[in-house]
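First comes the structure, then the notes that go with it.
The values are calculated or read from the model by the stated rules, or taken from the named source; none is laboratory data. None of these values were measured; they are calculated from a predicted model. No Cβ is skipped: glycine too gets one built from the backbone with ideal geometry, and neighbour counts run over all protein chains shown. Heavy atoms of the whole protein, side chains included, go into the accessibility calculation; ligands, DNA and RNA do not. Shrake-Rupley method; radii C 1.70, N 1.55, O 1.52, S 1.80 Å.
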Amino acid sequence: MKQIVVITTGGTIAMAADESSGSVLPQGSEALQDVIPLLEKVAHVSMEHFLNLPSPHITPLDMYTISLRIKELLQSPEVDGVVITHGTDTLEETAYYLDLVLASEKPVVLTGAMRSQDELGADGPPNLVHAVRTAAHDRSKNRGVLVVFNDEIHAASQVTKTHTSNLATFRSPSQGPIGAVTKRDILYHRSVDRCPPFPLKKPASRVDLIKATAGSDDLLIRASLDAGAEGLVIEAFGAGNLPPLMLPGLKEAIARRIPIVLVSRCYNGFVEDTYGYEGGGSHLKKLGLIFSNGLNGQKARILLLAALQQSTDPEELHQLFQRSSK
C-alpha cells in the first residue's frame, strides 16, 4: 500500500454547526478523525493538521507556507503522494499556485467539502477517500496538481468553483474533468501539459484584480497604482475589450512598466486581439497588455504573482504567460 500524507488546512470539510448560534464554525484537531479507518483501507495514511483556516482567510503567503511543507514531504522517499484538505472558496487558487511551483512527479491532490461534517449528506468523507485513492494510484503520477470533488478529477489549471452550494460546484468549463473516480478504479481521459516550475519564493508583490463593467473608468486602476500595485489583472468584456475611460489609467501603468494581464469576465473562451476600436482587444495588445490564454481572473493573478518572482520585465512576462497559460 502507498504512503499518503493528508495535510489539513481548514475549510468546511473541518467544520460543524454550532448549536447555540446555528452557524458553521471550524472544529479542532478531532475533525476528520472518523474518516481515518476508511482511508486506511486505501493506503497507509498519516494526517497532519497544518492550518485551520476558513478559505476566505487564506492568503498567498499561506499558499507559499503550504507549498514549502508539501515540497519537504515529496522529497521523502517514504511518501508516495500528498492530499490537502482546503476550503472551497479559494481552493482553486491554492491548487493553481501549488501547480506552478511544485516540480515533483508524485501526486498532489486537493479536496474539500460543500457541506459540514454534521450535515445530512456530508460530502467531505467521500471526497477525502477519493482524493487519497487518486493520490495512491500509479496513473496519477506526473499530472500536476489535481482537484478531486464529486467523483471527478480536475486539473488545477482549469478547475473553478461554479456554484455557491451545489456538491458538483467544481468544473473545468472549457475542457471538462481530466478523469473520474469510480467504485473500483481511477480513470483518466486526457493529460494536461506541465510547464517548468516557477521559483518557490515568498510572494512579495501586490497584484490587484479589477473587473470591467459598463461605463467603468480608471478610478480603481489609479487607486491600485497609488496603493503600490506591481501588477494588474483586468477582467475585460467578451474577447478582451474595455471601456475607453479605463485607458488613461492603463497607459499610466504601462508607462511605469507595471505588467497588465487581460482576461475575460466570460465563463468560457479566450481573450483575443479581434477588435481594433479604442479599447478593443487589438488596441489593447498594441498598448502592451498581456493576454491570458483562457485563465480566469483569480488564476491569472496567481500566475502573475508567481511570474514576478522570476522576472519583472514586461516582455519576459509575456513569454511566461504564453508558456504557462492553459
- request: Looking only at the range 286-310, count how many residues are more than 21 Å from Leu98 (Cβ to Cβ) and outside any helix (DSSP H, G or I).
  value: 4
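Among the candidates Glu93, Glu72, Glu119, single out the residue that is acidic (Asp, Glu) and outside any helix (DSSP H, G or I). Reasoning before the result, please.
Numbers: Glu93 fails: outside any helix (DSSP H, G or I); Glu72 fails: outside any helix (DSSP H, G or I).
Going through Glu93, Glu72, Glu119 in turn, just one is acidic (Asp, Glu) and outside any helix (DSSP H, G or I): Glu119.
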- line: Of the residues in the range 265-293 that are in contact with a Phe, Trp or Tyr (Cβ under 7 Å, 6 or more places away or on another chain) and polar (S, T, N, Q), the one that is nearest to Leu305 (Cα to Cα) is Ser292
- prompt: Can you pull out the strands (runs of 3 or more DSSP E) entirely within the range 133-241 that have at least 1 residues that are surrounded by fewer than 23 Cβ atoms within 10 Å (Cβ to Cβ) and hydroxyl-bearing (Ser, Thr, Tyr)?
  reply: 186-188
field: Long-range neighbours under 9 Å by Cβ, at least six apart or interchain, first residue free of Cβ contacts under 8 Å to residues at least 60 places away in the same chain within the range 1-23, second open to solvent by 10 Å² or more (accessible area, probe 1.4 Å)
entry: Asp18/Val24; Asp18/Leu25; Ser23/Ala17
statement: Expected output for the range 183-199 (first residue under 17 Å from Ser140 (Cα atoms), partner open to solvent by 60 Å² or more (accessible area, probe 1.4 Å) and at pLDDT 95 or above, Cβ below 7 Å, 6+ apart or cross-chain) is Ile186/Arg139; Tyr188/Arg139
query: When you look at Ser292, is it among the hydroxyl-bearing types (Ser, Thr, Tyr), open to solvent by less than 40 Å² (accessible area, probe 1.4 Å) and under 30 Å from Gly144 (Cβ atoms), yes or no?
result: yes
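Take the residues of the range 51-79 that are touching a Lys or Arg at 6+ places or on another chain (Cβ under 8 Å) and open to solvent by less than 60 Å² (accessible area, probe 1.4 Å): which is nearest to Gly10 (Cα to Cα)? Before the answer, list the steps.
Restricting attention to the range 51-79, the residues satisfying the condition of being touching a Lys or Arg at 6+ places or on another chain (Cβ under 8 Å) are 61, 64, 74, 79.
From what's left, open to solvent by less than 60 Å² (accessible area, probe 1.4 Å): 64, 74, 79.
Working: Tyr64: 16, Leu74: 21, Val79: 22 Å.
Per the stated criteria, the residue is Tyr64.
Checking the condition under 30 Å from Ser205 (Cβ atoms) and charged (D, E, K, R), which residue from Glu30, Glu119, Glu105 passes?
Details: Glu30 fails: under 30 Å from Ser205 (Cβ atoms); Glu119 fails: under 30 Å from Ser205 (Cβ atoms).
That would be Glu105, the only listed residue that is under 30 Å from Ser205 (Cβ atoms) and charged (D, E, K, R).
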